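**Q** First the structure, which I've put down as structure tokens, then a few questions once you've had a look.
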Amino acid sequence: RSVEWTSARGAGSRMPATVPAGLPDLWFIGRLDRNKGPALFVDLVARVPRRLYGACRVAGPDGPMADGRRWSDAIRAGAAAAGVDLAYEGTPASSELHRRAFDGRNVIVIPSRTDAFNLVATEALAHATPVLLSGRAGVAGFLREVHPSLPIPIVDPEDRAGAAAVLAEFLEDHARNSSDLRERLAAIAPCPEHRDFLSGLHGRIRPGTGFPPRTSGIRRPHPAPPLPCPRVCTEPAAPALTVVVPSWNRPEWLITCLARLAAARLSRTRILVVDDGS
């Protein structure tokens, strides 16, 4: 899922102008399995005072466990045993998640035991929605290095008491903490006049010049025409643009993608390739 990071001050921005009022809902969004940690999410919520949040919601693809049960059934049973009123939302469309989960008011809890990157975190932050982030997700290292000024709580998911304490502390002053995050995001977002850069990039791709069909060999791709480097409002030492490329068993697609990025000759650019267990 692509994320367009727009300026909080620009027209058409996804960031709400102010933090919406009311208690935040706590959301887990991701595949229901052991690595993503939905059971850890339930345990964290059970340790947080009920007065600090509205609802507890889980959304993401379901699947069978080793003992034959469905993950969604096991999560609901665990929540009931812990006294947590949990709603499983299934797998909502992106537009539904944008409207309900990424509204700037809620808090997205990402308790991954292991995670190559985690695009949910970047999508939440693109909408100025706070996240509680596992330090075992790749995006945590990225944010620490590239955007250390962002006030994002990063925790060890296996230290459940410690992680719950951090979440409770954030929720105690949710409005101020969310406003602080929004202000920091606005300071590093691209300039408003460049918010349509991706549209311009897509417009330069000629029909019939997309990725080649999968074959047994890897063909040398034709370089794409160079693209202008966008001017962005970042510190001079920071990359102007970071491109995240997830890949799974698509070597010829990946080499085509990287060749086109190289041919674009974008200055001050970082490219992160995430191999999703190929």
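**Q** Please give the per residue accessible area of segment 61-127, computed with a probe of 1.4 Å over protein heavy atoms only, in Å².
**A** 42 Å²
**Q** Ok, one more. Full-extension gain between Ala263 and Glu158, please, as 0.36 nm times their residue separation minus the C-alpha to C-alpha distance.
**A** Gain on stretching Ala263 to Glu158: 33.5 nm.
**Q** Among 159-166, 252-259, 42-49, what's the highest-first ranking by average C-beta atoms within 10 angstrom per residue?
**A** Numbers: 159-166: 15.9, 252-259: 17.5, 42-49: 19.6.
Order by mean packing, descending: 42-49, 252-259, 159-166.
**Q** So if I average 1/r over every pair of distinct C-alpha atoms in segment 90-178 and take the inverse, what Kirkwood radius in Å does that give?
**A** Details: mean 1/r = 0.0744 Å⁻¹.
Kirkwood hydrodynamic radius for segment 90-178: 13.4 Å.
**Q** Another question about this same structure. Stretch Arg113-Asp62 to full length: gain in nm at 0.36 nm per residue minus the Cα-Cα span? Present the calculation step by step, with values, prior to reporting the outcome.
**A** Numbers: separation 51, 0.36 × 51 = 18.36 nm, distance 1.77 nm.
Computed gain between Arg113 and Asp62 is 16.6 nm.
The values are calculated or read from the model by the stated rules, or taken from the named source; none is laboratory data. Just so you know, these numbers come straight off a predicted model, no measurement behind them. Heads up, the Cβs are rebuilt from the backbone with ideal geometry, glycines too, and the neighbour counts pull from every protein chain shown. Just the protein is used for accessible areas: all its heavy atoms, side chains included, with ligands, DNA and RNA removed. Shrake-Rupley method; radii C 1.70, N 1.55, O 1.52, S 1.80 Å.
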